[in-house]
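This report refers to the structure that appears directly beneath it.
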Amino acid sequence: MAVPRNRHSNARKNSKRSHHAKKPKCLSACSECGKLKMPHTACPACGKYAGRQITPVAT
Ligand SMILES: [Zn+2]
């Protein structure tokens, strides 16, 4: 495995990490009940996905 010959400066290290910031959590509104849910998952509030009942609703 290759071994680095020279150490990188702090500025070079930090500019490399300038692209490493976390993106905000992606949430979309449920088409059935309007609650925020993760995309491509059944809604945790009403248990529906693409208009179909997937999971029983915990009441
Ligand atoms: Zn819902």
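The values are calculated or read from the model by the stated rules, or taken from the named source; none is laboratory data. All values reported here derive from a predicted model rather than from experimental measurement. Cβ atoms come from the backbone with ideal geometry, glycine included; neighbour counts cover every protein chain shown. Each accessible area value is taken on the protein alone, full model and side chains, heavy atoms only, with ligands, DNA and RNA left out. Shrake-Rupley method; radii C 1.70, N 1.55, O 1.52, S 1.80 Å.
Since Gly51 meets every condition but one in (1) surrounded by 10 or more Cβ atoms within 10 Å (Cβ to Cβ); (2) under 24 Å from the mean Cα position of the chain (by Cα); (3) within 11 Å of the ligand (Cβ to nearest atom), which condition does it not meet?
(1)
Quick one: how many residues across the stretch 4-48 are open to solvent by less than 80 Å² (accessible area, probe 1.4 Å), within 13 Å of the ligand (Cβ to nearest atom) and not in a loop (DSSP other than H, G, I, E, B)?
4
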